[in-house]
Amino acid sequence: MKASKLGLAALLLLSTAVLAEGRAALVIGNAAYAYAPRALSAERDVEAVADALGAAGYDVTFGLDLDRREMRAVMDQFAANIDQADEIVIYYSGHAVRMSGRTFLAPTDFNPVGPVSVAMDSAPLAALEAMLASKPGAAVLFLDAAQRDGFTPRSFAEPGLAALTAPKGALVVSAAEPGRAVIRSRWRMSDFAVTVVERFLSEGARTMDVARNVSAPIWATGGVD
């Protein structure tokens with residue numbers, strides 16, 4: 001999939017394809033941040049994952065370098081269009097912050113100057129968890145939001161992931177266990193994206209078998225049928 005920054009209208013148009021019955025996927029990669037270091041490899045990673053999902057028969061909604069308005073819009077549209085999907089996969093690559101035990105995914109224009117901005121200018125992970133919960137037994141979230149070089153720690157929020165509990169019947173696979181961070185390279189795909197493409201999305205792969213055998217720092221919780 002060619003990388004490009006899709007405008008809001010294009011994102012909404014693309015996401016309507018998810019209405020088709022079958023497999024639906026949402027892939028978001030935020031790399032170019034205005035108030036944080038670049039999320040290294042995010043662009044390369046989401047392109048590869050989106051291509052692999054498409055080859056596996058998923059209708060893929062794809063967004064790269066989305067500001068908060070675009071990110072919320074594409075997530076809302078995807079959520080509205082998955083009622084008829086048999087199974088869903090969500091992949092996010094970019095920065096996140098944790099505050100008061102909750103995780104907030106960061107759009108490219110995210111600027112966490114205070115607790116209100118964290119809560120209101122982000123994309124709460126809880127929104128994706130609600131989508132997973134709507135497809136028990138058939139929903140997977142791949143989360144790459146634990147790059148070591150991220151937003152500056154604040155008294156009210158820190159970079160990375162809070163504790164994660166997968167919704168019932170869903171699987172969450174993270175590039176690192178909550179509270180840990182990983183180093184990513186500008187020059188190659190992340191180890192996490194390689195694992196997703198080459199192991200989870202390979203032909204004939206059994207999702208839970210792969211999840212049970214991932215190596216640290218990759219971490220998984222929950223389960224699917």
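The values are calculated or read from the model by the stated rules, or taken from the named source; none is laboratory data. Remember, predicted model here, so these are calculated numbers, not experimental data. Heads up, the Cβs are rebuilt from the backbone with ideal geometry, glycines too, and the neighbour counts pull from every protein chain shown. Calculation scope for accessible area: heavy atoms of the full protein, side chains included, ligands and nucleic acids excluded. Shrake-Rupley method; radii C 1.70, N 1.55, O 1.52, S 1.80 Å.
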With springs only between Cα atoms under 10 Å apart, run a GNM on the chain and tell me which of TYR35, TYR91, TYR58 wobbles the most. TYR35
Ignoring everything but the protein chains, give the 1.4 Å probe accessible area of SER117 in square angstrom, nearest 10. 20
Which one, (1) 56, 39, 35; (2) 89, 38, 29; (3) 45, 40, 35, gives Cα extents along the principal axes in Å as derived from the coordinates shown? (3)
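Between exposed trypsin sites (Lys or Arg not before Pro) in the chain, where DSSP calls loop and at most 11 other Cβ atoms lie within 10 Å, what's the longest gap?
Formally, the longest exposed-site-free interval is 3-167.
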For segment 188-202 and segment 94-115, what is the separation of their C-alpha centers, rounded to whole Å? 25
List the residues of segment 155-192 whose backbone N lies under 20 Å from a point placed 7 Å from the Cα of ARG148 along the Cα-to-Cβ direction. 158-162, 174-192
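DSSP loop (so not H, G, I, E, B), at most 16 other Cβ within 10 Å: list which chymotrypsin sites (Phe, Trp or Tyr not before Pro) in segment 129-211 pass both filters.
On the way: sites: PHE142, PHE151, PHE156, TRP187, PHE192, PHE200; in loops: PHE151, PHE156, TRP187.
Filter output for segment 129-211: PHE156, TRP187.
Between ARG69 and SER155, how high is the FRET efficiency from 1/(1 + (r/R0)^6) when r is the Cβ-Cβ distance and R₀ = 30 Å? Nearest 0.05. Before the final figure, lay out each step's value.
Details: r = 28 Å, r/R0 = 0.93.
Calculated transfer efficiency: 0.60.
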Any idea how far apart ALA127 and GLN84 come out in nm if each label point goes 7 Å out from Cα toward Cβ? 2.5
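For segment 112-168, what % of the accessible area comes from carbon and sulfur atoms, probe 1.4 Å? All intermediate terms of the calculation are to be shown ahead of the outcome.
Numbers: 1450 of 2430 Å².
Whole-percent figure for carbon plus sulfur exposure: 59.
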Determine ³J(HN,Hα), in whole Hz, for all residues of segment 212-225 in sequence, where each value follows from phi through the Karplus function 6.51 cos²θ - 1.76 cosθ + 1.60 and θ = phi - 60°; x replaces Gly and Pro. 6, 10, 6, 9, 4, x, 4, 9, 9, 8, x, x, 10, 5
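Calculate, for GLU203 and ARG180, the FRET efficiency according to 1/(1 + (r/R0)^6) with r their C-beta to C-beta distance and R0 25 Å; round to the nearest 0.05.
Values: r = 31 Å, r/R0 = 1.25.
Between GLU203 and ARG180 the formula returns 0.20.
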At 7 Å along Cα-to-Cβ for each site, give me the label-to-label distance between THR165 and THR221 in nm. 0.9
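Just the number, please: Stokes-Einstein D of segment 150-202 in µm²/s, Kirkwood Rh from C-alpha pairs, 25 °C, 0.890 mPa s. Working shown, then result.
Working: Rh = 13.4 Å.
Calculated translational D: 183 µm²/s.
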